[in-house]
Amino acid sequence: MLKNSHQKALLPVILLGVLTQSVSAQTRELQYSGTLTQKIRNGEASAPVKQFELYTLLTPARGGQECFHLVSERGGGAWAWPERFGTATIDGNNRRSGGRPPHVLHSHDGVKYPVETPLPLFEFADQLANNASWTSGRLEYSVKGQTKIAKRQCWEVEAVDNFGRRQKFFVADNEPILVAAERRVFMGRGDEFTLRVSLTGSKMLETAEAAKTSTAVASLKKLQVALERSEGTTKPELSPAQIEKASAVLPALVDQTEGLPLTKLVVAMSRDVRAQSQRAGDVTSLKKKFVGQQLPGFVLPTLKGAQLDSASLKGKITVLHFWEYQGEPLEEPYGQVGYLDFLLNRRGRLGVSAVGVAVNEGFAKPETLAAAKRSVRKLRDFMNLGYPIALDGGNFIKQLGDPRQLDASLPLWVVVDPDGKIADFHVGVYPINPDEGLRDLDAVIVRLIREKRSPRK
């Protein structure tokens, strides 16, 4: 019982606090639409080069919020489905304390750029007041006043650095929810873009819907961890093991997401996994066709102007690594060539060699030959590769079935035994552990070394 007027005066505050706790204990769904627009330097009107939707869920967790996010994008490239969603943790002061914020992926001049989008909670909501200003990192923030965005009263905040205004935020005046935002983004050689987002939907989930959504999100997060893809991976290809893991949980995900906004993601996942599973089967058939067969004869020019032929491989264990070997643009899985060079340094004294086969139709055309070679040379020098690189305009890889004809992607790894027979045929990247490198490829090589040392019966 309240014993004095002072305590009675606190009653509304206490009730408000209880009400706030009750509301904050719910899962909140916030949806945004966004655009990425390139600034045209010649004075022409700018037009969006990418459109996207951002779906977010805010759930109370560990004294703050857990923000699950999902991006759907159109135009200028897009993430593969395992990278379209993720989780960021937000502390009690609305600051991101862990995880990865949402990003869109834009392809500009042949290079893929991850572009961060804002989280739904404004991290400096405690600073919002008329004429307020503060500094965080290299940015200086200032409150410009209040305005209405989509019929909501908002604080208008600008953030600038030494190069001028970089960001602008519109924050609801009664809660730390981001209603709209824009940010300058630079790509390539100083090309300027503007990223814009605006709130299109907000609701508290009812208990049953929140529980169902939580179950689906937990399954997606568990699958994402199980796939073991490197953060920021831009390649859509899944390994056979990843396809198997996704296939195993998709039926449950279909049921868990029925009637939820997450349904579209799961439909896209199902379609992609089916296609990649079929492609993996075709690649397996291609492998069965060539393993044990004699390597087709070839004569190829090298990057240094010499010639490499199949006869020179006799008596050695040789890894043929077919890939674009492009230094322009420099894209993964370029890191795998470094691990191949490392493996060769370990096994070279045991009669193992490696040849990079740069595959590019530009090698077959006089007008594009110089540029194609220059790109290969740039990658070789950047990675300081020790093994030779041969140039294939496409004819040699066609003799090996060219996995690209099956909609599979290079690299192709062909291991040739001392007798000139194909001992292993692997399409795609190898899983990498930094401490072990190309472990699966090394296992094949070690087996062949032992067979070479063993007396033949």
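The values are calculated or read from the model by the stated rules, or taken from the named source; none is laboratory data. Because the structure is predicted, anything quoted here is derived from the model rather than measured. So basically every Cβ, Gly included, is an ideal-geometry build from the backbone, and we count neighbours across all protein chains shown.
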| task | Check the range 418-428 and report whether any residue there is surrounded by 15 or more Cβ atoms within 10 Å (Cβ to Cβ), of a type in the set (Gly, Ala, Ser) and more than 23 Å from the chain's Cα centre (by Cα). | result | yes
| request: Might you check whether a residue that is part of a helix (DSSP H, G or I), among the small types (Gly, Ala, Ser), more than 18 Å from ARG347 (Cα to Cα) and assigned by TED's automatic domain parsing to the domain that holds GLY315 occurs anywhere in the range 438-447? | output: no
| request: Scan ALA354, ALA372 and give me the residue that is modelled with pLDDT of 95 or more and either in a loop (DSSP other than H, G, I, E, B) or surrounded by 13 or more Cβ atoms within 10 Å (Cβ to Cβ) (or both). | output: ALA354
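Does the range 25-46 hold any residues that are closer than 20 Å to ASP191 by Cβ and not in a loop (DSSP other than H, G, I, E, B), and which are they?
Passing the criteria: GLY34, THR35, LEU36, THR37, GLN38.
Being at pLDDT below 90 and either outside the structural domain of GLY63 (by TED's automatic domain parsing) or in contact with a helix residue (DSSP H, G or I) (Cβ under 9 Å, 6 or more places away or on another chain) (or both) is the filter here, so list the residues in the range 26-46 that pass it.
Hit for the range 26-46 is GLN26, nothing else.
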| Which residue pairs have Cβ atoms closer than 6 Å, lie 6 or more positions apart in sequence or on different chains, and pair a first residue in the range 301-327 that is free of Cβ contacts under 8 Å to residues at least 60 places away in the same chain with a second residue that is surrounded by 18 or more Cβ atoms within 10 Å (Cβ to Cβ)? | GLN326/SER375; GLY327/SER375; GLY327/LEU379
| field | Residues of the range 191-219 classified as within 23 Å of the chain's Cα centre (by Cα) and either within 29 Å of VAL111 (Cβ to Cβ) or surrounded by fewer than 15 Cβ atoms within 10 Å (Cβ to Cβ) (or both), total | value | 8
| message | Just checking: which of the strands (runs of 3 or more DSSP E) contained wholly in the range 47-122 hold 1 or more residues that are assigned by TED's automatic domain parsing to the domain that holds GLY190 and among the small types (Gly, Ala, Ser)? | response | 48-61, 64-74, 85-90, 96-99, 103-108
| query | Out of all the residues in the range 134-181, which are surrounded by 13 or more Cβ atoms within 10 Å (Cβ to Cβ), free of Cβ contacts under 8 Å to residues at least 60 places away in the same chain and small (Gly, Ala, Ser)? | reply | SER142, ALA159, ALA172, ALA180
| task | Select, from VAL359, VAL415, the only residue that is out of contact with any Gly (no Cβ under 7 Å at 6 or more places or on another chain) and among the β-branched types (Val, Ile, Thr). | result | VAL415
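Would you call VAL143 part of a strand (DSSP E or B), at pLDDT below 95 and among the β-branched types (Val, Ile, Thr)?
No; evaluated as a whole, the condition is false for this residue.
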| field | Pairs, first among the acidic types (Asp, Glu) in the range 401-427, second part of a strand (DSSP E or B), C-beta under 6 Å, six or more apart | value | ASP417/ALA423; ASP424/VAL415
| In this structure, is ALA159 of a type in the set (A, V, I, L, M), modelled with pLDDT of 95 or more and touching a Phe, Trp or Tyr at 6+ places or on another chain (Cβ under 9 Å)? | yes
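Out of curiosity, is SER142 small (Gly, Ala, Ser), closer than 25 Å to CYS67 by Cβ and either over 34 Å from the mean Cα position of the chain (by Cα) or not assigned by TED's automatic domain parsing to the domain that holds ALA80 (or both)?
The answer is no for SER142.
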| Are any of the residues in the range 392-407 surrounded by 14 or more Cβ atoms within 10 Å (Cβ to Cβ), within 30 Å of the chain's Cα centre (by Cα) and part of a strand (DSSP E or B)? | yes
| query | Taking the stated definitions as given, is LEU238 surrounded by 14 or more Cβ atoms within 10 Å (Cβ to Cβ), within 19 Å of the chain's Cα centre (by Cα), hydrophobic (A, V, I, L, M, F, W, C) and not in a helix (DSSP H, G or I)? | reply | yes
| task | Determine which member of the set GLY351, GLY315, GLY338 is under 26 Å from the mean Cα position of the chain (by Cα) and farther than 30 Å from VAL273 by Cβ. | result | GLY338
| ALA268 being exposed (fewer than 14 other Cβ atoms within 10 Å of the Cβ) and either in contact with a helix residue (DSSP H, G or I) (Cβ under 6 Å, 6 or more places away or on another chain) or of a type in the set (A, V, I, L, M, F, W, C) (or both) | no
| Has the range 90-111 got at least one residue that is closer than 24 Å to VAL49 by Cβ, under 28 Å from the mean Cα position of the chain (by Cα) and charged (D, E, K, R)? | yes
